[in-house]
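**Student:** Below you'll find the structure I mean.
The values are calculated or read from the model by the stated rules, or taken from the named source; none is laboratory data. In this text, all values refer to a predicted model and were calculated from it rather than measured experimentally. As a convention, Cβ positions derive from the backbone with ideal geometry for all residues, glycine included, and neighbour counts pool all protein chains shown.
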Amino acid sequence: MDVDGDSGARAAAAAAKAQLKSEGWCVLPDVLDAARASGVLGRLWAAAEEFARRGGDTYMPVLDPNPSNVRVFHLLELDPIFRDLIQHPTAVEMVREVLGPQFLISNFTANIARPGSQSMALHSDQSLVTPEPWAHPWAVNIIWCLTDVTFENGATLFIPGSHHWRTRADVPRDADRRLRPFEAKAGSIVVMEGRLWHTSGANITADEDRALMFGYYTVPFLRPQVNWNAALSAETVATLSPQMHDWLGLGVTANSSLAMDLRYLADQFEDRRTPETASPG
Ligand SMILES: O=C(O)CCC(=O)C(=O)O
């Protein structure tokens, strides 16, 4: 979908944004065409091999019950195609819809659920990086669908309305029975705000992979999940635009927010001045 395109596309984008605001998620179809989605999938498999060649483990027992889930971390370091996708204009537009104009790229990973894969823990991504209460959306995932995603092949399962849960005590005992799949065509993105509780689905097909990539963005005052200064090589950093430097928090002043009022005292309270309190001259 071209968010800036014709009026039909604009109406669909507006509806998606309204749904994101009220329900905490939306699906935008056709962000990548079928050929591009399949091309990115090929690059993802190559990246998985390269990740393993560099000593990374694609099976993470702390996350997944068995090795049928293939995890790939540090995508931004592995192939420039992922550096393009993390700053795709549609993705950035949806991120800003949730987080406002300023944000950081916190992580970019993939999870290929192969036949036999099982669900990880139920969680919200915001609960992984901030303490309770979760009052505002401070994180958002852009989930790239590189294959068609169905309940059967392991679609991410989410709980409608769970973005309103403010503490762990709000998670109901029957949460596992409330799960619903995010189903979408290859080339879609699913936008999921950080407070929506979810898990990976089980892939119960005989021979179908489900390949998703998770671009994770947060408000700028949260420490990113990945320390990009450690994760990215000098060669990769040299390819990045000033904008990407900012979004990855690479600069010396990255930890200083500009969203503050540092006017001098006299200017901050100028409107309260009366002729008597105004300085002479
Ligand atoms: O793969 C999925 O469907 C969900 C993955 C996820 O939520 C995670 O890795 O935190």
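**Student:** Scan region 51-66 for residues that are surrounded by 15 or more Cβ atoms within 10 Å (Cβ to Cβ) and either in contact with a Pro (Cβ under 6 Å, 6 or more places away or on another chain) or not in a loop (DSSP other than H, G, I, E, B) (or both) and report the count.
**Tutor:** Adding up the residues that qualify gives 1.
**Student:** Only helices (runs of 4 or more DSSP H) wholly contained in region 181-281 count here; list those with 2 or more residues that are in contact (Cβ under 8 Å) with a residue 12 or more places away in the chain.
**Tutor:** 228-231, 234-238, 242-247
**Student:** Of these, GLY215, GLY201, which one is crowded, with 22+ Cβ neighbours inside 10 Å and more than 10 Å from the ligand (Cβ to nearest atom)?
**Tutor:** Result: GLY215 is the single residue among GLY215, GLY201 that is crowded, with 22+ Cβ neighbours inside 10 Å and more than 10 Å from the ligand (Cβ to nearest atom).
**Student:** Within 13 Å of the ligand (Cβ to nearest atom), more than 14 Å from the chain's Cα centre (by Cα), assigned to a strand (DSSP E or B) and hydrophobic (A, V, I, L, M, F, W, C): is that true of ILE112 in this structure?
**Tutor:** Answer is yes for this residue.
**Student:** So which residues in region 1-34 are assigned to a helix (DSSP H, G or I) and in contact with a Gly (Cβ under 9 Å, 6 or more places away or on another chain)?
**Tutor:** ALA13, GLU23, ALA34
**Student:** Tally up the residues in region 227-273 that are of a type in the set (Phe, Trp, Tyr) and under 25 Å from PHE82 (Cα atoms), please.
**Tutor:** Total meeting the criteria: 2.
**Student:** Report every pair of residues separated by at least 6 positions or lying on different chains whose Cβ atoms are under 9 Å apart, first residue within region 91-111 and over 12 Å from TRP247 (Cα atoms) and among the acidic types (Asp, Glu), second more than 16 Å from the ligand (Cβ to nearest atom) and at pLDDT below 95.
**Tutor:** So the pair list comes out as GLU93/VAL3; GLU93/ASP4; GLU93/ALA13.
**Student:** Would you call SER127 part of a helix (DSSP H, G or I), surrounded by fewer than 21 Cβ atoms within 10 Å (Cβ to Cβ) and either within 13 Å of the ligand (Cβ to nearest atom) or at pLDDT below 95 (or both)?
**Tutor:** Yes; evaluated as a whole, the condition is true for this residue.
**Student:** Of the residues that make up region 146-161, is at least one more than 18 Å from the chain's Cα centre (by Cα), away from the ligand (no atom under 14 Å from the Cβ) and not in a loop (DSSP other than H, G, I, E, B)?
**Tutor:** No, there is no match, as no residue in region 146-161 is more than 18 Å from the chain's Cα centre (by Cα), away from the ligand (no atom under 14 Å from the Cβ) and not in a loop (DSSP other than H, G, I, E, B).
**Student:** Scan region 137-195 for residues that are hydrophobic (A, V, I, L, M, F, W, C) and touching a Pro at 6+ places or on another chain (Cβ under 6 Å) and report the count.
**Tutor:** Within region 137-195, residues that are hydrophobic (A, V, I, L, M, F, W, C) and touching a Pro at 6+ places or on another chain (Cβ under 6 Å) number 3.
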